[in-house]
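These notes are about the structure you will find just below.
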Amino acid sequence: MSERIPKGAGALLAALLLCAPPFYLDAFWLRIGLFSMAAAIGAVGLGLLTGAAGQLSLGHAFFLAVGAYGYTWLAGEPGPGLPTALAALLAVLLAGAAGGFFSPVAGRVRGIYLGVATLALVFLGHHVLLTADSVTGGFNGRSVPPLTLGGFSFAGDGSSLVVLGVPFGGEERLWYLGLVLLAATWWTARGLLRGRPGRALTALRDSETAAAVMGVDVARHRSAAFVVSSMYAGLAGVLLALAFRRVVPDYFGLALSVDYLAMIVIGGLGSVAGAAAGAVFVTSLPLLMTRYADQLPLVTVPGAGDGGVGPTEAARYLYGAAIVLVLLYAPDGLAGLTRRVRARLRPAAPSPAATKRPPASAVRAKEPTP
């Protein structure tokens, strides 16, 4: 009888565990979880583009900015002042449309040339965010309108909600929204990778010529991967804006795009679970080092001004070293490392020859030939 936990039971147990933190953790840990979930959504999208389709992108921060600022402008004042749920949906579609406008380039350029082309999007987007004051608020940014669904506000301001004796503020409410969005992202991404689109993208990544011979429309699949990845980034941008409660241009720079590349490399290219794990690592590390900077050696407290290494820089050094170690010893990232560890821990199954071999008493002796 098998001793393994059924897959459905394991998923249910994981869901129950992820629903528990708002009842036990304070706001700091919930914010780390929110930022990690938003980063995981964006990293899954970049994993589809770079890991599955083999297209290098350095412009992921641009599409996150489109989602974050698109929601802020559509739902706020000045702006159309649309219902926040509609504004969030339109912001995701707007990010997909931005990816669609760039998709002709993505359909014809690949490798380092595509990376340089997407890099231009980051600098162009940052310039627009600084100069379009009426839409973006300029250098100081804009406050983010809280999301409201059916009269229920995810801000937690001005309304008291107590669940099992625990007051639910903005972080507690957004936690469950983030879980729902991450679960939807996880499910759709795995469906894409396991279906015909995923197999087409994998064939395209391995060999364009072989994929074209098998009937894969190279340009169309490349463009579609870029659009889908942009929509995931737009959704991550909306969740980030709701978690931060204010958007500023300097956050959506080249460093953010590099962070997302680090997430998918550390987690494992082409793996949904690996992208999520890498996002949690890269996102939570600087926040944790900032909180415990006074207890860490060689790390100075932010604002100390003594010329030491700040927690953000120290975190970048650490996950830069993690990238080097992954490339040297685990090219398939944390996802591949986890698979190998599980394979070693799994008990070896008996060989087919040993299980099907008849007992010695049943073996008939060979008759001598005349």
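Say we join alpha carbon atoms closer than 10 Å with springs in a Gaussian network model of the chain; which of H60, H127, H221 then has the biggest fluctuation? Sorting by GNM fluctuation, first place goes to H127. Of the residues L269, L261, L204, the one that moves most in a GNM of the chain with alpha-carbon contacts below 10 Å is L204. What the Cα atoms of the chain give is an Rg and a Dmax of 24.5, 104 Å. Shape analysis of segment 104-259 yields a ratio of the Cα radius of gyration to the Kirkwood radius, Rg/Rh, of 1.07. Computed across segment 168-309, the Kirkwood hydrodynamic radius from all distinct Cα-Cα pairs reaches 18.0 Å.
Between A85 and N140, the modelled labels are 3.4 nm apart [label points 7 Å from Cα along Cα→Cβ]. Residues S143, S223 ordered from highest to lowest accessible area at a 1.4 Å probe: S143, S223. Legend: helices of the chain (whole DSSP H runs) are marked when their alpha-carbon atoms reach 24 angstrom or more along the helix axis and their mean Kyte-Doolittle hydropathy is at least 0.0; marked are 27-46, 84-108, 112-131, 170-194, 218-244, 272-291, 311-329. The helix-only estimate of mean residue ellipticity at 222 nm for the chain, built from DSSP H runs of length n ≥ 4 each weighted as -39500 (n - 2.57), is -21500 deg cm²/dmol after division by the residue total.
Just the C-alpha atoms of segment 104-195: what Rg/Rh do they give, with Rh taken as the Kirkwood radius? Rounded to two decimals, Rg/Rh equals 1.14. Legend: calculated FRET efficiency, T202 to I323, from the Cβ-Cβ distance at R0 = 22 Å, rounded to 0.05, equals 0.40. Based on protein heavy atoms only, segment 224-340 ends up with 45 Å² per residue of surface accessible to a 1.4 Å probe. Just so you know, the averaged projected area of the alpha carbon convex hull for segment 278-335 sits at 4.3 nm². Let me cross-check L337: its accessible surface, 1.4 Å probe, with only protein heavy atoms counted, in Å² to the nearest 10? Number for this one is 80 Å².
Considering only V166, V66, V272, the Gaussian network model of the chain with Cα springs below 10 Å gives its largest mean-square fluctuation to V166. Surface composition of segment 154-274: carbon and sulfur make up 65 percent of the accessible area, probe 1.4 Å.
Counting 0.36 nm for each residue step from T290 to L25 and taking away their Cα separation leaves a gain of 93.6 nm.
The values are calculated or read from the model by the stated rules, or taken from the named source; none is laboratory data. Computed from a predicted model, the values in this text were never measured in an experiment. Glycine gets a Cβ as well: all are built from the backbone with ideal geometry, and neighbour counts include every protein chain shown. For accessibility, only protein heavy atoms count, side chains too; no ligands or nucleic acids. Shrake-Rupley method; radii C 1.70, N 1.55, O 1.52, S 1.80 Å.
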